[in-house]
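*Asks:* Structure in structure tokens, see below.
The values are calculated or read from the model by the stated rules, or taken from the named source; none is laboratory data. The structure displayed is predicted, hence computed values, not measured ones. When we count neighbours, we look across all protein chains shown, and the Cβ atoms used for this are built from the backbone with ideal geometry, even at glycine. We work out accessible area using only protein heavy atoms, side chains counted, and drop any ligands, DNA or RNA first. Shrake-Rupley method; radii C 1.70, N 1.55, O 1.52, S 1.80 Å.
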Amino acid sequence: CLALQLVAQEQHYFMNPVIRGDMPDPSIIRIDDTYYATGTSSEWAPFYPVFTSKDMVNWKQAGHIFSKQPSWTSNSFWAPELFYHNSKVYCYYTARQKSTGISYIGVATSDSPLHEFTDHGPIITYGTEAIDAFIYDDNGQLYISWKAYGLDKRPIELLGCKLSADGLHLKGEPFSLLVDDEEIGMEGQYHFKQGDYYYIIYSAHGCCGPSSNYDVYVARSKNFCGPYEKYTGNPVLHGGEGDYLSCGHGTVVKTPDGKMFYMCHAYLKGEGFYAGRQPVLQEMEMTADHWVRFTTGKLAIAKQPMPFKTTIQQPLTDFEDHFTENKLKVDWTWNYPYSDINIVLKKGKLSGTPKKDNQRGTALCLRPQSSHYSCETKVIHANESLQGLTLYGDDKNLITWGVKGKQLQLKFIKENSESILYESGAVDKDIYLKIEVEQGCIFNFYKSKDGKIWNPILDTPLKGESLIRWDRVQRPGLLHCGAKEVPAEFAYFRMINLK
């Protein structure tokens, strides 16, 4: 009986992150009984992954906001914000404008978060940078807010402006909502009203990388347009101790019974850092003196009370693709500015070539969901292209483990400088390859003739902290290095979570 009681008690809690893998700046909305979330995709296509859930704890990827890149953009797809209005779904998003290289805010619409969005182009082209949009409906008047002056020699501000009724155009002039007079940073804002007050929840300090100290602040006003009073007890949520290195940049969704849940991203401490900025969920409530607090306190912790008592958190799942479908699974991503890829799925194999010659490599990758995992594949018909597995930071920082002609080769590329760590003699026509990742950044490499008996190729593991980029972590996947006329072919790809 005691054991059953303990199991029942544990089922009333869940463990963050609720969405595994690198997906910063999450936005969450509820439509009827379904929750939808999306987040930054940065330099990875397709653009802005979309996840669905019935309970906010168990999520499944269902698609993307865009399968094709909006024509006005070049790269840096950050901070999408979902908004449901008049039975239409809006996505306000940040991307670099192709003609200027400046990050501005665009808007797209759809009849469902699961359908392809129609892009309407940039809505805010203001200053030297405009990022992190949020939309607020104040009794029928729509407002948009955003972070401004982040690249200027002046304090950062959160600016606001009225929107047209269709949500696609600015009305009037921008105005200041909140000024970063403390010089701690200010972004990723969320607006809501409770009682007599309008609230802005925003993030401060450093968002990204090993030294990230991101945290969550709040300010309030009796008018949406301000002036706003900053809470003297800020920050209201932070990492640095316990489970998280840092946390911030999120939005709130309400359950049908009125409870408020804040979904933001967090870096886990220790080896969990190497899974990137992952979406976490924290319940939020109002205090007696009309401020905001989180139910488990200011220190963000992984273990949280279930939003719904009947929910059971499902275990982490592995990934396997035998390429039997007529299109890629939604989990796959690729580094579109440098390694856009043509894919053919036919008769249980994947054939891939770059859209243009790419000496460094074209990579088809997955978001790692833990810091201990393995990935493996079978290369079919080795040719003069290098084809196999990769751990991919960006086009100048990656590891390639593959077969080229009749030779196996392991290569480490750091800041565009190549080091060949292993080369073998003649190999069989078909070859199995595997990479095991420990602690997020320690790598072992294997070869096999049958996919069952694996032989290591290095005497000591390879350390790969350098693959981490300022805003994202390395992704494992399939690699092709060579001319577009010489395709790579793979029989399957498998990624197994080892812990």
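*Asks:* Based only on Cα atoms, what Rg/Rh ratio does the chain have, Rh being taken as Kirkwood's radius?
*Replies:* 0.99
*Asks:* How long are the semi-axes of the equivalent ellipsoid of segment 317-381, defined as square roots of 5 times the Cα gyration tensor eigenvalues? Whole Å, largest first. Write down the numbers at each step before the final one.
*Replies:* Details: eigenvalues 78, 57, 27 Å².
Taking √(5λ) for each Cα gyration eigenvalue gives 20, 17, 12 Å.
*Asks:* Also, quick follow-up: Determine, for segment 355-418, the count of lysine pairs separated by eight or more sequence positions (or lying on different chains) whose alpha-carbon distance falls under 18 Å.
*Replies:* Taking the Cα cut-off of 18 Å, the pair count is 5.
*Asks:* Students often check this: by mean Cβ neighbours within 10 Å, which of 281-290, 403-412 ranks highest, and how do the rest follow?
*Replies:* By packing density, highest mean first, the sequence is 403-412, 281-290.
*Asks:* A follow-up question, please. Could you state, as a whole-number percent, how many of the C-alpha pairs of segment 169-223 are farther apart than 14 Å?
*Replies:* Details: 914 of 1485 pairs.
Value for segment 169-223 (Cα pairs over 14 Å): 62 percent.
*Asks:* Next question, about the same structure. Using the Kirkwood formula on the Cα atoms of segment 1-148, what hydrodynamic radius do you get, in angstrom to one decimal?
*Replies:* Result for segment 1-148, one decimal place: 16.5 Å.
*Asks:* Can you list the residues, at least 5 places off or on another chain, whose amide H is less than 5 Å from the amide H of VAL50, using H built in the peptide plane?
*Replies:* ALA62, GLY63, HIS64, ILE65
*Asks:* With a 1.4 Å probe and all protein chains in place, put LYS68, LYS303, LYS329 in order of accessible area, largest first.
*Replies:* Most to least solvent-accessible, the answer reads LYS68, LYS303, LYS329.
*Asks:* Mind checking the full-extension length gain between GLU229 and ASP430? Use 0.36 nm per residue of separation minus the Cα-Cα distance, one decimal, nm.
*Replies:* Length difference between fully extended and current span is 65.7 nm.
*Asks:* Shifting gears a bit: Solvent-accessible area per residue for the chain at a 1.4 Å probe radius, Å²?
*Replies:* 41
*Asks:* For the chain, what is the calculated [θ] at 222 nm in deg cm²/dmol (nearest 500), taking -39500 (n - 2.57) for each run of four or more DSSP H residues and dividing by its residue count? Walk me through the numbers before you get to the answer.
*Replies:* On the way: 2 runs with 13 residues, N = 499.
Taken over the chain, the calculation gives -500 deg cm²/dmol.
*Asks:* Quickly rank 197-210, 136-149 as a protection proxy: mean count of other C-beta atoms within 10 Å, highest first.
*Replies:* Taking the mean over residues of other Cβ atoms within 10 Å, the ranking is 197-210, 136-149.
*Asks:* For segment 373-499, what does the relative contact order come out to in percent, with C-alpha contacts under 8 Å and a separation of six or more?
*Replies:* Reported relative contact order: 36 percent.
*Asks:* Which of the peptides 445-451, 128-134 is most tightly packed, and how do the rest follow, judged by the mean count of other Cβ atoms within 10 Å per residue?
*Replies:* Highest-to-lowest ranking by the protection proxy: 128-134, 445-451.
*Asks:* Picking from GLY270, PHE308, LEU364, whose Cα lies most toward the positive end of the charge dipole for the chain (charges on Cβ: Lys, Arg +1; Asp, Glu -1)?
*Replies:* Sorting the options by dipole projection puts first LEU364.
*Asks:* Run the quick spin-label model on GLN439 and ASN416: label points 7 Å from Cα toward the beta carbon, then report their separation in nm to one decimal.
*Replies:* Here the answer is 3.2 nm between the modelled labels.
*Asks:* What number of lysine-lysine pairs in segment 215-317 show an alpha-carbon separation below 30 angstrom, given a sequence spacing of 8 or more or placement on distinct chains?
*Replies:* 21
*Asks:* Rounded to the nearest 20 debye, what is the charge dipole size of the chain about its Cα centre when +1 sits on each Lys and Arg Cβ and -1 on each Asp and Glu Cβ?
*Replies:* 1120
*Asks:* Give me the orientation-averaged projected area of the Cα convex hull of segment 173-288, in nm², one decimal.
*Replies:* In nm², the orientation-averaged hull projection of segment 173-288 is 8.7.
*Asks:* Note down the accessible area of ARG96, probe 1.4 Å, to the nearest 10 Å².
*Replies:* We get 70 Å² for ARG96.
*Asks:* Send over the per residue convex hull volume for segment 224-336, Cα only, as a whole number of Å³.
*Replies:* 222
*Asks:* Keeping the other protein chains in place, figure out the carbon and sulfur percent of the accessible area of the chain, with a 1.4 Å probe.
*Replies:* 49
*Asks:* Over the Cα atoms of segment 387-499, each weighted equally, I'd like the Debye log10 I(q)/I(0) at q = 0.10, 0.16, 0.18 Å⁻¹, rounded to two decimals.
*Replies:* -0.28, -0.74, -0.96
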